[in-house]
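The values are calculated or read from the model by the stated rules, or taken from the named source; none is laboratory data. Owing to the predicted nature of the structure, the values given are computational and were not obtained by experimental measurement. Methodologically, a virtual Cβ is constructed for each residue, glycine included, from the backbone with ideal geometry; neighbour enumeration extends over all protein chains shown.
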Amino acid sequence: MYYHDYDKALYFMIWGQWDDLLVLMVRTQDHFLSKKIETFLHAYHYPGHEVTLLQSHENLLHYIDHAQTTTYPNLYV
């Protein structure tokens, strides 16, 4: 699974490491994560409307949260 990618994406989002987020976008095998990162970085790099930037940021964080809860192996069985 790709749960390490979700940890990295969240870390890069929190600390604003956009270059590393771009590298993760290219290297990940999760196409949905890649597309969410692409949308966010495009909105960040080419500011048009602040609403678009905030919405893409929230969508990316929401997807990371959802993916983390559904792909992590259950350690406490």
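Structure notes:
- Listed by first and then second residue, the pairs linking a residue in the stretch 55-77 that is over 12 Å from Phe40 (Cβ atoms) to a residue that is surrounded by 14 or more Cβ atoms within 10 Å (Cβ to Cβ) and at pLDDT 90 or above, with Cβ atoms under 8 Å apart and 6 or more places separating them unless they lie on different chains, are Ala67/Tyr6; Ala67/Asp30; Ala67/Leu33; Gln68/Tyr6; Gln68/Leu10; Thr71/Tyr6.
Table: residues versus (1) farther than 23 Å from Thr69 by Cβ; (2) surrounded by fewer than 13 Cβ atoms within 10 Å (Cβ to Cβ); (3) touching a helix residue (DSSP H, G or I) at 6+ places or on another chain (Cβ under 6 Å).
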residue: His4; (1), (2), (3): no, yes, no
residue: Ile14; (1), (2), (3): no, yes, no
residue: Leu21; (1), (2), (3): no, no, yes
residue: Phe32; (1), (2), (3): no, yes, no
residue: Gly48; (1), (2), (3): yes, yes, no
